[in-house]
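Written below as structure tokens is the structure these notes are about.
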Amino acid sequence: MGIISWQNYPSIVILTGAGVSVASGLPTYRGAGGLWENDDVARYALADTWRSDPLAVWKTFGALRASILDAQPNAAHRALAALEQRIDRDAELHLVTQNVDGLHQAAGSHDVIELHGSLRHTRCSNERCALPPFEDTRTHFDRVPVCPECHALQRPAIVLFGEPIDVADERRSRDALRECDLFVAVGTSGTVTPAANFVRSAKYEGAHTVFINAEPMEPPNPYFDEVILGPAEEILPDVVAGA
């Protein structure tokens, strides 16, 4: 396993997936034991289910929220937070995550783009409501909360299947990819769009591309120049050591 020469790259984009949070006791989304392998969980992650049975969605994601609030950042999260502090002041580091657990911020990372939202937050389901998403530790197992501003139902501030990524977050990600010299994907299957297309975009711009994951990608993605296999909490502290 080589050490990435971070100082050689003035613009870096790091994409993280659920594999980064496994050592914090949280499940992955896909593969053996993943959340989406549970048919009930997968059904309640649909936008259509929110419209037909919002309490069922809250029961599912309220339980996941409870797990997230009990979790602590692991060595992978801490390594990326340390990298943000240690790279050259003239360099740019954009951390894009598919995770909704907020553990990157808990570890000290600041510039985090949460593609799929944050389960630590609740928002109004009325898109025209002026109430912004807010931190919320309640699980709402028994009753769907109601917005105090417009009286619409409140929901977890995450992107459900069948819903678009937030326009601003997707734009920020694509702007970062257009400028990046180094693209690193960590702990992600690389199969969920739009993030699945990020490596191709980065490669098109001439970036060096690295895939870090516990398991190899099947089939291999030809747009990755380098593959490093192993748990994120073991690999990242080593590859960040050269920063």
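Here, each number is a calculation from the coordinates, and none is a lab measurement. Values in this document were obtained by computation on a predicted structure and should not be read as measured data. All Cβ positions, glycine included, derive from the backbone under ideal geometry; neighbour counts span all protein chains shown.
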Return yes or no: is V167 in contact with a strand residue (DSSP E or B) (Cβ under 7 Å, 6 or more places away or on another chain) and either surrounded by fewer than 18 Cβ atoms within 10 Å (Cβ to Cβ) or within 24 Å of G190 (Cα to Cα) (or both)?
-> no
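Quick one: would you say S189 is within 18 Å of the chain's Cα centre (by Cα) and part of a loop (DSSP other than H, G, I, E, B)?
For S189, the condition - within 18 Å of the chain's Cα centre (by Cα) and part of a loop (DSSP other than H, G, I, E, B) - is met.
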Looking at L236, is it touching a Leu at 6+ places or on another chain (Cβ under 8 Å), buried (at least 20 other Cβ atoms within 10 Å of the Cβ) and touching a residue at least 24 places away in the same chain (Cβ under 8 Å)?
-> yes
Matching residues, segment 214-234, being out of contact with any Pro (no Cβ under 9 Å at 6 or more places or on another chain) and in a strand (DSSP E or B) = E226, I228
Which one is nearest to the chain's Cα centre (by Cα) among residues in segment 192-206 that are assigned to a loop (DSSP other than H, G, I, E, B) and without any contact (Cβ under 8 Å) to a residue 60 or more places away in the chain?
-> T193
